[in-house]
Amino acid sequence: MKFRVSGNMLRFTNFQDEIEVAGDTVEAGMQMLVGACPQLRPILLDGNGKVRSVHRVFLNGAALPLDQLSEKAKAKDEVSILTALAGG
Amino acid sequence: MPRTSSFQVVTHTGHFSPLQLQPRALLSISFNALSRWLKEHWVSFPRLIREHRRSVVIMGASLHYESSLGFFDCDALDVSATFRVLKAGARAQLDVAFSGDAKQAARVRIQFCPVVIDDPVSLAASPGPFSADLLARLHDDEVLPDPPERPMPTFREQIEGTGIKLAEHAHSFVLYRHLCEVADQWAFLEVPGLVGASREGLALERGRDFPLLSDGIGKPLRRFEMELMRPYFWLQPGQVITTAYRVGDDLALVHRLTSNIPGSENYGVIVEQF
């Protein structure tokens, strides 16, 4: 699956705006994502390894609640992670 | 009396168009006025974020031009700013008065939503009131229970209800970094430039069909009302959808900010009156 992140997170993905990872669920894909981009881990995940509530997740354009990340994902699926807002 | 921060800005040519003080300049100086007020009377902006894990995001702004003031009319602007917390800590408001040549040139009001910083590195945040500790440092007349006023929806309704629709225009943009702030999120003070580009494009494209559109490039802006719903982030594509109206003899424009990325497509509404 392909992950896209909002622009405020690009500096934590080595400025890659599209990252292809393997995984059969969104959650598994996220673990692969933060493995590929270690700087992104503390930005995306809290101390318990859960996605921070300040981010929104979309699977193929449809909002995916943060408690449903075990949703199945296919190789051609696109997952967008967008921060709701920042305090800058 | 609520405390004020007063200072002078020695002007340069970049603050002005041939017609007036640029709206971007007014918002930029106003944001600096906020920083000054925070540092002088409360907690500096960097410390507010770093030590108190609080910041503000802009929900709306009103600009009123009171008199014409050009680059050659004065050597400096006198700026005076007052900050208040509203809704018992859940909102905040900054009022800024600009004077030059011994007359009031413009008034700016900016509405803020306090946020709680979730991650101090990316500054990702969520809405949340100022802490009790922070509120305790303010004077009593700087913390009000009232909600903020919202002039934009009424103004928009008045224009769309009584005005004659003239023409529409779409202006696409990409939010490059020079339009962003420290969190790689858009800087609200760039909004007048984004909608101005759409207005100017409309005037150039359709001015022959509707001569009134030329007021949007040939006459001074009188009033600017903005409400923002959500932010753009660095490198995000967006669009300004502009609709021009004749209201009496005057030109007014309603601009909608949109984007086609997942989530809502409504980012803000701005109304300009010439």
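Net charge around residue B:16, counting only other residues with Cβ within less than 14 Å of its Cβ (Lys, Arg = +1; Asp, Glu = -1)? Numbers along the way, then the final one.
On the way: positive: B:24; negative: B:73, B:75, B:101.
Its environment carries a net charge of -2.
Full extension from residue B:51 to residue B:103: what is 0.36 nm times the residue separation minus their Cα-Cα distance, to one decimal in nm?
14.7 nm is the gain from fully extending residue B:51 to residue B:103.
Within 10 Å of each candidate Cβ there may be at most 16 other Cβ atoms; applying that plus a DSSP loop requirement, which chymotrypsin sites (Phe, Trp or Tyr not before Pro) in region B:97-185 survive?
Passing sites in region B:97-185 are B:176.
Can you tell which of B:243, B:82, B:13 shows the greatest fluctuation in a Gaussian network model of chain B with Cα springs below 10 Å?
B:13
Quick one: grab the alpha carbon gyration tensor of the protein assembly as shown, order the square roots of its eigenvalues as a ≥ b ≥ c, and give me rounded if a/c is under 1.5, else prolate or oblate depending on whether a/b is larger than b/c.
In terms of gyration-tensor shape, oblate.
GluC sites (Glu not before Pro) within region B:63-166: which are DSSP loop residues with at most 13 other Cβ atoms inside 10 Å?
B:149
Of B:39/B:87; B:39/B:219; A:50/B:39; B:103/B:165, which sit over 29 Å apart, Cα to Cα?
Table pairs above 29 Å Cα-Cα are B:39/B:219; A:50/B:39; B:103/B:165.
Around residue B:167, which amide H atoms from residues at least 5 apart in sequence, or from another chain, sit under 5 Å from its own amide H, with H modelled in the peptide plane?
Placed amide hydrogens put B:244 under 5 Å from residue B:167.
For region A:1-86, just say rounded, prolate or oblate: build the C-alpha gyration tensor, square-root its eigenvalues into a ≥ b ≥ c, call rounded for a/c under 1.5, and beyond that prolate if a/b exceeds b/c, oblate if not.
Rounded, because the longest to shortest axis ratio a/c is under 1.5.
Counting other Cβ atoms within 10 Å, keep those with at most 10, restrict to DSSP loop, and tell me which trypsin sites (Lys or Arg not before Pro) in region B:199-274 are left.
On the way: sites: B:199, B:206, B:208, B:222, B:223, B:246, B:256; in loops: B:208, B:222.
Here the trypsin sites (Lys or Arg not before Pro) that fit, given the DSSP loop and packing criteria, are B:208.
Any read-out appearing in this document is the output of simple, stated calculations on the displayed coordinates, not a laboratory observation. On a predicted model such as this, the values are computed, not experimentally measured, just so you know. Don't worry about glycine lacking a Cβ; one is built from the backbone with ideal geometry, like all the others, and counts go over all protein chains shown.
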